[in-house]
1. So the check is Cβ under 6 Å with 6+ separation or different chains; which pairs have a first residue in the stretch 36-53 that's more than 17 Å from residue 83 (Cα to Cα) and at pLDDT below 95 and a second one that's part of a loop (DSSP other than H, G, I, E, B) and not basic (Lys, Arg)?
2. Does residue 289 meet the test of being touching a strand residue (DSSP E or B) at 6+ places or on another chain (Cβ under 7 Å), surrounded by fewer than 16 Cβ atoms within 10 Å (Cβ to Cβ) and farther than 16 Å from residue 319 by Cα?
3. Select, from 276, 237, 290, 266, the only residue that is basic (Lys, Arg) and either closer than 20 Å to residue 123 by Cβ or not assigned by TED's automatic domain parsing to the domain that holds residue 323 (or both).
4. If residue 78 satisfies all but one of (1) in contact (Cβ under 8 Å) with a residue 24 or more places away in the chain; (2) over 22 Å from residue 124 (Cβ atoms), what's the number of the condition it fails?
5. For the stretch 196-221, which positions are under 21 Å from residue 240 (Cα atoms) and touching a Gly at 6+ places or on another chain (Cβ under 6 Å)?
6. If you take the residues in the stretch 59-71 that are free of Cβ contacts under 8 Å to residues at least 40 places away in the same chain and surrounded by 13 or more Cβ atoms within 10 Å (Cβ to Cβ), which one is farthest from residue 149 (Cα to Cα)?
7. Going by the conditions given, is residue 142 crowded, with 24+ Cβ neighbours inside 10 Å and away from the ligand (no atom under 11 Å from the Cβ)?
8. Go over the candidates 298, 309, 318 one by one and state the one that is in contact with a Gly (Cβ under 7 Å, 6 or more places away or on another chain), surrounded by fewer than 17 Cβ atoms within 10 Å (Cβ to Cβ) and not in a helix (DSSP H, G or I).
Amino acid sequence: MTDPEPLCESMVSALVVKKKIPGHWADAMRMAPRHLFLPDTIYLYEYGRPGNDLVPLRRSDDPDRWLELCYADEAVNTQVNDGRPALDGTGREVTSSASQPTVVAEMLIELDPRPGERVLEIGTGTGWNAALLAHRVGAENVTTVEIDPAVALRARMALNRAGYDAVRTVTADGAHGWPPGAPYHRVIATVGSRRVPYSWIEQTMPGGIIVAPLSNSYQPPGIAVLTRLPGGGASGRLAGPAAFMALRAQRTPRFNGGAFIGEAERRSSTDVHPYRWVSHRAAAVAIGQRVKDVHKVWQPASGRTGVQWLLDPESRSWASVEVTERPPYPVAQAGPRRLFDEVEAAYRWWRLRGRPEVADWRITVGPDGQRLALD
Ligand SMILES: C[S@@+](CC[C@H](N)C(=O)[O-])C[C@H]1O[C@@H](n2cnc3c(N)ncnc32)[C@H](O)[C@@H]1O
């Protein structure tokens, strides 16, 4: 089997060069090598496979490939279907994963915990991020909460084996934080939420930092970095992009758009290439704030052509924009909502506002909820 050390070193060196990660996080990644935390069975997408498209890769079947994936700068799927794969071992939904090392590093840099500070992590997963935190602040100062008992148990065993047995691994719904360990200097979620739960803010001490990826059906806005205010509540900004699996109670099941797509009720065309309202992050984040519960799905036909779908399974509304070699692009819509019109209006709003950047959004979280507003 390949020696893990050079692979680990090359992943860490790449993060140092490309992402300028500070020495203490690089050392943490060397001292808590990622492969010690990944389960022997991981799951890969096999595109084009209908239904269960997550296929197991067992360490015993291909130890070199398994190890390579441990040190690729990619998320690794570590559990499917809440631990109940199909009889042939395949899965439909990823329910736990080890996040992409670049994203892990970016979030830790934003969190910036100091030695001796108390940290709460929501979403233990493999335990790797908890180990990195433990290396920085001391294992006895880390509490990590995981909703899935089997995932939590595996992480606890990996943390013990790696020498971080003082980390407190709790099996519970992390949406409520973990009050017995509060107040914390830092709170980090490695699972997405539509709104940052107020419990996480309440359990952070004034001046403390909360780092949590936000989710949204249209476009995940990115990583919220908030500071706990002395009088209560928190405020902050959006850092880099990140798409995380949602808190268990906020999951949206993978749906089959084909089940409710029928005859178009309205046809028109647009000269605006969907790239502008789908792939441009600042535009898509703004649109996601203005249209509710819209999912976008790209169905490629060739390299540059295909169909951009907009779907709302709840109201069974859909819209399609056929991306041909050149405009105009034919638009079809049906259902109680006119999804293309909504998205187009939101895109126009964003342009009229002077095309604000992602960094221009301010987030505030109080007992009455979360607000994202432009400066
Ligand atoms: C992306 S993984 C976390 C990655 C992890 N930090 C690591 O280092 O491997 C997200 C985890 O959050 C867990 N999760 C989902 N909903 C949760 C909740 N309400 N409370 C606690 N954990 C939750 C999932 O079971 C999953 O293991």
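1. Once the first residue is more than 17 Å from residue 83 (Cα to Cα) and at pLDDT below 95 and sits in the stretch 36-53, its partners that are part of a loop (DSSP other than H, G, I, E, B) and not basic (Lys, Arg) give 46/53.
2. no
3. From the options 276, 237, 290, 266, the qualifying one is 237.
4. With (1) in contact (Cβ under 8 Å) with a residue 24 or more places away in the chain; (2) over 22 Å from residue 124 (Cβ atoms) applied to residue 78, the lone miss is (2).
5. 200, 213, 215, 216, 218, 219, listed by residue number.
6. By that ranking, first place goes to 65.
7. Criteria met by residue 142.
8. Working: 309 fails: surrounded by fewer than 17 Cβ atoms within 10 Å (Cβ to Cβ); 318 fails: surrounded by fewer than 17 Cβ atoms within 10 Å (Cβ to Cβ).
Of 298, 309, 318, the one residue that is in contact with a Gly (Cβ under 7 Å, 6 or more places away or on another chain), surrounded by fewer than 17 Cβ atoms within 10 Å (Cβ to Cβ) and not in a helix (DSSP H, G or I) is 298.
The values are calculated or read from the model by the stated rules, or taken from the named source; none is laboratory data. Just so you know, these numbers come straight off a predicted model, no measurement behind them. Cβ coordinates were reconstructed from backbone atoms using ideal geometry, including for glycine residues, and neighbour counts include every protein chain displayed.
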